[in-house]
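K.L.:
Okay, handing you the structure first.
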């Protein structure tokens, strides 16, 4: 065990990991406190002594895997390893005798023989190599050329080993040759892996800071149903800022006085006290063109997450509309307009979730919902009304009553359907969204806040 740890320490030092003699002695003392045959304990002991910072953990893990897994055989293969040891030594001795003039070739052959020190030292030299050119333009040609040289020598050693076994210079049986060929193939793959590996310090302790706009944009792409409680609160703050921005845009749009059509009567009346000199020009005041909004929100399952944000936005922008009537449903329609008018939006949503007459354990029935609306609330739809339906259109194979939606379309200005389900699932199974499409002016996906905000901006502006 002492010899094994000593070899591992040599590999660590060759690869640039700083390991002192006192740390090696501490590791040997601590071996008495653990079960060395338990790899988790053994690895943790070496990791605690040799990796002195979070930035060195990744480098240590790579070296540990290389030395104890890629360069060593499993315990089940010990007998085979003992039989191969002499053959590996003879084969690598013959490979060293091949005509060559490159020291990297010897390092690769040593690696095939089970000694990674020379190759690790060469790779460390390449990683620390810089272009010493005095030219103002600096390139990475030196390290690239050195890497290419190592790749050529790995390929040369692999080709020489394959030819050696094919010619059977060691006078081996076919099974022994196959086993030795598999061993060399594994070592060649490990050598190429070392060549391709770029040692980078671990970044677990590095704090990655995003701007507020980046954070909100990233959250806006996240599906409603996967929001945590903290993310919901964060998006509410972002939505509040959006609401204030939209209200300001709308108010400024209709507050402009010195623009538009001339009001002749007001101009003459204002100029009369000056006998028309100077002429005080008056313009016709613009009146805000408001529309009525009626929303039908499916509150079953993950659809409710989208409906909640939708209701939050619409009620925050009530000043931009004449009237907002909201209904929620699963199997029956429930009018929640009074709840939202009498309470704060957060409290209103809590009441809808906990106290409103909504059958959350019932199967969704869009047909029954449309029948309820036709019976009790059809008069709410006028040519100034925009009907917004939030739902996935899954009606559990019940009658969709799409003809009623057609009659509702005839009575209102626009019918817009927001579907929080992925588009590739529309029309599959019990989804009736394709049936309802013919009676809507617009159907659009609404799986995240960004899509919902885009829709609201188009609706208001």
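K.L.:
Would you confirm whether or not the range 350-371 contains a residue that is surrounded by 14 or more Cβ atoms within 10 Å (Cβ to Cβ), in the same structural domain as residue 398 (by TED's automatic domain parsing), over 19 Å from residue 300 (Cα atoms) and touching a residue at least 24 places away in the same chain (Cβ under 8 Å)?
P.N.:
Scanning the range 350-371 turns up no residue that is surrounded by 14 or more Cβ atoms within 10 Å (Cβ to Cβ), in the same structural domain as residue 398 (by TED's automatic domain parsing), over 19 Å from residue 300 (Cα atoms) and touching a residue at least 24 places away in the same chain (Cβ under 8 Å).
Yes/no matrix, rows are residues, columns are (1) surrounded by fewer than 14 Cβ atoms within 10 Å (Cβ to Cβ); (2) out of contact with any strand residue (DSSP E or B) (no Cβ under 8 Å at 6 or more places or on another chain); (3) more than 17 Å from residue 3 (Cβ to Cβ):
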| residue | (1), (2), (3) |
| --- | --- |
| 21 | yes, yes, no |
| 29 | yes, yes, no |
| 38 | yes, yes, yes |
| 42 | no, yes, no |
| 47 | no, yes, yes |
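K.L.:
Residues that are modelled with pLDDT under 75 and either within 39 Å of the chain's Cα centre (by Cα) or not assigned by TED's automatic domain parsing to the domain that holds residue 359 (or both): does the range 231-243 have at least one?
P.N.:
no
K.L.:
Restricting the range 269-289 to residues that are in a loop (DSSP other than H, G, I, E, B) and closer than 30 Å to residue 321 by Cβ, which is modelled with the highest pLDDT? Steps first, answer last, please.
P.N.:
Taking the range 269-289 and keeping what is in a loop (DSSP other than H, G, I, E, B), we get 275-282, 284-289.
Subset that is closer than 30 Å to residue 321 by Cβ: 282, 284-289.
Details: 282: 79, 284: 74, 285: 65, 286: 57, 287: 57, 288: 54, 289: 56.
Here the residue is 282.
K.L.:
Exactly one condition in (1) modelled with pLDDT of 75 or more; (2) out of contact with any helix residue (DSSP H, G or I) (no Cβ under 9 Å at 6 or more places or on another chain); (3) over 27 Å from residue 97 (Cβ atoms) is false for residue 148; which is it?
P.N.:
Result: residue 148 passes all but (3).
K.L.:
So the check is Cβ under 8 Å with 6+ separation or different chains; which pairs have a first residue in the range 270-292 that's over 30 Å from residue 247 (Cα atoms) and a second one that's modelled with pLDDT under 75 and assigned to a loop (DSSP other than H, G, I, E, B)?
P.N.:
As it stands, the answer is 271/277; 271/278; 271/279, since those pairs meet every condition given.
Results for (1) in contact (Cβ under 8 Å) with a residue 60 or more places away in the chain; (2) more than 29 Å from the chain's Cα centre (by Cα), shown as yes or no for each residue.
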{"residue": "386", "(1), (2)": "yes, yes"}
{"residue": "398", "(1), (2)": "no, yes"}
{"residue": "431", "(1), (2)": "no, no"}
{"residue": "439", "(1), (2)": "no, yes"}
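K.L.:
Filter the range 287-337 down to the residues that are more than 22 Å from residue 224 (Cβ to Cβ) and under 29 Å from the mean Cα position of the chain (by Cα) and list them by number.
P.N.:
Within the range 287-337, no residue meets the criteria.
K.L.:
I'd like to know if the range 319-339 contains one or more residues that are exposed (fewer than 14 other Cβ atoms within 10 Å of the Cβ), modelled with pLDDT under 75 and in the same structural domain as residue 415 (by TED's automatic domain parsing).
P.N.:
yes
The values are calculated or read from the model by the stated rules, or taken from the named source; none is laboratory data. Quick caveat, the model's predicted, so the values are computed rather than measured. Backbone-built Cβ (ideal geometry, glycine too); neighbour counts: all protein chains shown.
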